[in-house]
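Novice: The structure that follows is given in the form of structure tokens.
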Amino acid sequence: MASYLTGSQLGRTAARVLPRSVVRGRKNPLHWGMGSRLKKARRLAGLKRQPLTRLASLPDGSAIVGMERGERIPRLDTVERIAYALGLSPAFLAYGIEGEAGPLPRGLRCEAVAHRLTAERAARGLSVLAVAKLAGLSHTAVGNVERGTMPTLATAEALAKALDLSPGWLAFGIGSRELPRRRGRMSEAAATPA
């Protein structure tokens, strides 16, 4: 006999599967795929969660579980440490954007996110409030990032999109500054007949 979910059970199931901020017709944020990329890379490396936690110098092994399940959006420094422990580019692990991998550098690349954000905002002649409105964030959140508070993947991606920058470049200084375009989209020059 088939088992069916009641309306309230279906609602709770959907809430666990889809974040509340999903809007039909909009592209999902790039960082949503981080959990599956992390899980796949960890398994390919033959690592269990606890050894990876130690390699990445994380205080708590449950963080990796939450990230793999998509229940936790980590800060940039956490993702960068995990990426280097796995031999991956932090831009790839965070956003699926190709970039160079390698050993952990002396300092984390994400520590310069405040400088990159401030420089790009100033170059465009925008105020903190204007960037906050474009990104859908509070001006306090943007100001905190500019003052050195480490943002989450979601915050860094929102800021990058607001400034039309690649989130991999803004967060980690990796890859092109340009926002990656959607695949399959033709440029205006290619679409215009000669």
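No value in this document is a laboratory result; all are computed from the given coordinates. Keep in mind that what you see is a predicted model, and the values were worked out from it rather than measured. Please note: Cβ atoms are built from the backbone with ideal geometry, for glycine as well, and neighbour counts cover all protein chains shown.
Novice: Starting with the fewest neighbours, write out Lys48, Lys39 ranked by other beta-carbon atoms found within 10 Å of each beta-carbon.
Specialist: Starting with the residue having the fewest Cβ neighbours, the order is Lys48, Lys39.
Novice: Now for a different question. If you take the alpha carbon radius of gyration of region 30-162 and divide it by 2.2 N^0.38 Å, what ratio comes out, to two decimals?
Specialist: So region 30-162 has a normalised radius of gyration of 1.08.
Novice: Counting pairs of Cα atoms in region 30-95, how many percent are more than 19 Å apart?
Specialist: Taking all Cα-Cα pairs of region 30-95, the fraction more than 19 Å apart is 14 percent.
Novice: Also, I was wondering about something else. Tell me, in nm to one decimal, what length is gained between Gln50 and Arg177 on full extension, where the rule is 0.36 nm per residue of separation less the Cα-Cα distance?
Specialist: Gain on stretching Gln50 to Arg177: 42.2 nm.
Novice: Report the rotationally averaged projected area of region 109-172 based on its alpha-carbon convex hull, in square nanometres.
Specialist: 3.4
Novice: Within 10 Å of each residue's Cβ, count the other Cβ atoms and sort Arg54, Arg116, Arg42 from fewest upward.
Specialist: Arg54, Arg42, Arg116
Novice: Here is a follow-up. Identify the GluC sites (Glu not before Pro) of region 55-92 meeting these criteria: DSSP loop state and at most 16 other C-beta atoms within 10 Å of the C-beta. Please list the in-between numbers first.
Specialist: Details: sites: Glu68, Glu71, Glu80; in loops: Glu71.
Those that pass, being in a loop and sparsely packed, are Glu71.
Novice: In addition: Where Lys and Arg each count +1 and Asp and Glu each count -1, what net charge lies around Arg49 among other residues with Cβ under 11 Å from its Cβ?
Specialist: Neighbourhood net charge equals +3.
Novice: Which of Arg43, Arg109 has the fewest other C-beta atoms within 10 Å, and how do the rest follow up to the most?
Specialist: Arg43, Arg109
Novice: Another question about this same structure. For region 71-142, build the convex hull from the C-alpha positions and give me its volume per residue in Å³. Walk me through the intermediate numbers first.
Specialist: On the way: hull volume 8.6 nm³, N = 72.
Spread over its residues, the Cα hull of region 71-142 gives 120 Å³ apiece.
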